[in-house]
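The next block holds one structure in the form of structure tokens; read it before the comments.
The values are calculated or read from the model by the stated rules, or taken from the named source; none is laboratory data. Just so it is clear, the structure is predicted and the values come from calculations on it, not from any experiment. Positions of Cβ are generated from backbone atoms using ideal geometry, with glycine treated the same way; all protein chains shown enter the neighbour counts. Please note that ligands, DNA and RNA were not included when accessible areas were found on the heavy atoms of the full protein model with its side chains. Shrake-Rupley method; radii C 1.70, N 1.55, O 1.52, S 1.80 Å.
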Amino acid sequence: MLKIAGLASNRGRNLLHIADHAPGGAKLSVVLANEEGAPVLEGASERGIPTEVVTRGDDESREEHERRVLDRLDSYDFDIVCLDGYMRVLTEEFVDTAPTTLNVHPSLLPSFPGMDAHEQVLDAGVRMTGCTVHVVDEEVDGGPIVTQEAVPVYEDDDEESLKQRVLNEAEFTAYPRAIRWFAEDRVTVEDGTVHVDGDEGGDFPDRRLVSNDLEASLRYGENPHQDAAVYVDAACDEASVVHADQLNEGAKALSYNNYNDADGALNLIKEFDEPAAAVIKHTNPAGCATADSLADAYEKALSTDPMSAFGGIVALNRECDAATAEQVVDSFKEVVVAPGYTDAALDVLTEKKNLRVLDVGELGEITERFTEKPIVGGRLVQERDRWSPTLDDLEVVTEREPSEEELETMLFSWKVLKHVKSNGILFARGTETVGVGMGQVSRVDAVRLAAMKADEHAEGKGSDGAVMASDAFFPFPDGIEEAAEAGITAVVQPGGSVNDEDVIAAADEHDIAMAFTGRRCFRHD
């Protein structure tokens, strides 16, 4: 465990923040102030941290004062010294005698050293500032840099607002990070340079800096009482709804939910090379299909669940033509997303006052490799699930082999199923969906929901004779029993359950063909 001796002159908010969060398991052994009554002393005492005060006498030299500081610290066990607003320039004797000493400065050194960093930043008119954690030497704000954190400077900033943001957004991030690196024995200070083991780039670098630009304030968030905004990544080249042109002037701007659903719809139709259409409701597919023409694909997608498609989002992977547009406006839709529109299609679509028409341009390649989800206190970052099985990936495990048509449907189903919230079950025939069971906490319930959707909500379709796809393995045979009752003839699923043999036996009993993919496709948000 890394043990810290903290030196502060005033509030010592960084030291107390480190004490509260114990980065890397680090612990403050003592807090020393050079002023009686410094607020940091009370904060440390409340946390059970020993405190010391060593004031400097009027006739006392810097060297004499610092020797008394070192003498007072000598009775404590510590590995590193951390300064926090300790308004003294340390002597060479202190630096040489004490262990590695760190300080945090409220600017991006070497720019704007000294006491008035925020004033210097504002006077210089720079658009980015931040903080620097550095190893202390005898120079003012000198010494090799351990880490830095950036903070934007806004037009309405004054010294106080900038100070607060640098503290809360930069110093409260960078100082604990530096402490954690020392606690993990990853830092080497040698010949005036700092090397941090593992502080490298790659897919998941040790630290990330996310910078997006405000595109628009939204009417509200998921619900009317929530404020919201959309930010854009100007460096993203992949077709996206945040960069799309809204073609129908005068229509309402996209809402938070519109952006979320349209993004999900666009990502789904990017899966297909053939003409494809999808209808999305609350980020789940209400229906999806491919066909020889876009209009046929849309008709098949819509007929999966036309009731749920009401007020949904339409996504197309071809230029929207008039025949498809006529179908889209036949019932209420919020948004249509496509890589272009014919003039005739626009004439049809723009007749609907508040149907938002988005042109995302050429779909091109999927270039963004990662997705992220903000959570309270951080972000989850993962690779996008860009994998779909080929025929060679399917392992047939039942006595009956799937037909060629069933195999084709298995491959189609998996591409759609990746975009269904877990637990997810999809029924399909050919290259069109017939029923979707999404977001259930029981896989059996997801099967039942897909069967109900197929038999009660689909138009001209049903579950009898369909293929079932599951985003994870069946832990028990009951899911297969439900599928057999619904008339399912083939199943594609990851496999890997301890009860796979029982599940396969249930499929054989009902003459259901089954193939394993070896991979699951959970989607939890």
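Below are the figures for this structure:
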read-out: Inter-label distance, nm, simple model (7 Å from Cα along the C-beta direction), Val189/Lys3; value: 1.9 nm
read-out: DSSP bridge orientation in the chain - percent antiparallel, rounded to nearest 5; value: 60 percent
read-out: The chain, accessible area per residue, ligands and nucleic acids excluded (1.4 Å, Å²); value: 48 Å²
read-out: Rounded FRET efficiency, nearest 0.05, which uses the C-beta distance separating Glu200 from Thr55 and R0 of 56 Å; value: 0.80
read-out: Listed residue (Ile488, Gly143, Ser9) projecting farthest to the positive dipole end of the chain, Cβ model; value: Ile488
read-out: Rounded tilt (10° steps) of 500-509 against the dominant C-alpha axis of the chain; value: 10 degrees
read-out: Mean Cβ count within 10 Å, highest first, over the residues of peptides 419-432, 120-133; value: 419-432, 120-133
read-out: Global form of the chain, assessed from the alpha-carbon gyration tensor, a/c cut-off 1.5; value: prolate
read-out: Residue-span extension gain [Glu139 to Ser45] - 0.36 nm each, minus C-alpha spacing; value: 30.7 nm
read-out: Glu319 paired with Arg520, simple spin-label distance in nm, labels 7 Å along Cα-to-beta-carbon; value: 4.4 nm
read-out: Flagged links, alpha-carbon separation over 26 Å, of Lys252/Lys421; Lys27/Lys373; Lys252/Lys300; Lys418/Lys453; value: Lys252/Lys421; Lys27/Lys373; Lys252/Lys300
read-out: Against the rule of thumb 2.2 N^0.38 Å, how large the Cα Rg of segment 3-196 comes out; value: 0.99
read-out: Residues Ala235 and Asp156, FRET efficiency given R0 of 30 Å [Cβ-Cβ distance, rounded to 0.05]; value: 0.65
read-out: 0 to 90° range, to nearest 10: angle between helix 172-183 axis and the chain longest Cα axis; value: 80 degrees
read-out: Segment 357-470, dipole about Cα centre (Lys/Arg Cβ +1, Asp/Glu Cβ -1), debye to the nearest 20; value: 720 debye
read-out: Of all accessible heavy-atom area on the chain, the percent that carbon and sulfur account for (1.4 Å); value: 44 percent
read-out: Segment 7-136: relative contact order in percent, alpha carbon pairs under 8 Å with at least 6 residues between; value: 23 percent
read-out: Distance in nm between pseudo-label sites at Lys163 and Ala216 (7 Å out along the Cβ direction from Cα); value: 4.0 nm
read-out: Estimated vicinal HN-Hα couplings, Hz - segment 23-28 in sequence order (Karplus 6.51, -1.76, 1.60; Gly, Pro = x); value: x, x, x, 5, 9, 7
read-out: Förster-model FRET efficiency, 22 Å R0, Asp273 and His243, C-beta, rounded to 0.05; value: 0.45
read-out: Within segment 82-108, backbone nitrogen closer than 13 Å to the virtual label 7 Å beyond the Cα of Arg67 toward Cβ; value: 93-94
